[in-house]
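I'd like to ask some things about the structure below.
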Amino acid sequence: GLALVGIPACICALGFTGAGIAAGSVAAKMMSAAAIANGGGVAAGSIVALLQSIGAAGFSLGTSFGLTSILGPLGAVIGAKLI
């Protein structure tokens, strides 16, 4: 559950927001580097495009289910070992 909220919050803190990429942020620097490497545009499917998508809309329903099914049991195992 924490990953479903924490990961998008961290991505937003990097500057990938619902309103676009924040000026002067880490995201802006990543976007600039990606655009220079690709001749002026950010390639669809690149890490910058993926992070902007998550920053703008959060995780898709399928991704949310996938993360929950993987991270839920993992958290239970870690919790059991700590106690």
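The values are calculated or read from the model by the stated rules, or taken from the named source; none is laboratory data. What you see is a predicted model, and the numbers here were worked out from it, not measured in a lab. As a convention, Cβ positions derive from the backbone with ideal geometry for all residues, glycine included, and neighbour counts pool all protein chains shown. SASA here: full protein model, heavy atoms, side chains in, ligands and nucleic acids out. Shrake-Rupley method; radii C 1.70, N 1.55, O 1.52, S 1.80 Å.
Over segment 1-41, how many percent of alpha carbon pairs lie in each 5 Å bin up to the one with the longest distance?
Result returned by the calculation: 6, 25, 22, 19, 15, 8, 4, 1.
Whole number in Å², please: accessible area per residue of segment 1-41, 1.4 Å probe, ligands, DNA and RNA not counted.
Heavy-atom SASA per residue in segment 1-41 reads 59 Å².
Next question, about the same structure. What distance in nm separates the simple spin-label points at residue 10 and residue 74, each placed 7 Å from Cα in the Cβ direction?
1.1 nm
In whole Hz, what ³J(HN,Hα) sequence does segment 72-82 give by Karplus (6.51, -1.76, 1.60; θ = phi - 60°), x for Gly and Pro?
Result, rounded to whole Hz: x, x, 4, x, 5, 5, 5, x, 5, 6, 6.
Another question, then. Show me the ranking of peptides 37-49, 12-24, 69-81 by mean Cβ neighbours inside 10 Å, starting with the highest.
Highest mean packing first, the order is 12-24, 37-49, 69-81.
Once the Cβ-Cβ distance between residue 38 and residue 83 is put in as r, and R0 is 41 Å, what FRET efficiency do you end up with, to the nearest 0.05?
On the way: r = 49 Å, r/R0 = 1.19.
Rounded to the nearest 0.05, the efficiency is 0.25.
Oh, and also: Taking amide H positions as placed 1.01 Å from N in the peptide plane, with prolines and chain starts having none, which residues 5 or more places from residue 17, or on another chain, fall under 5 Å of its amide H?
22
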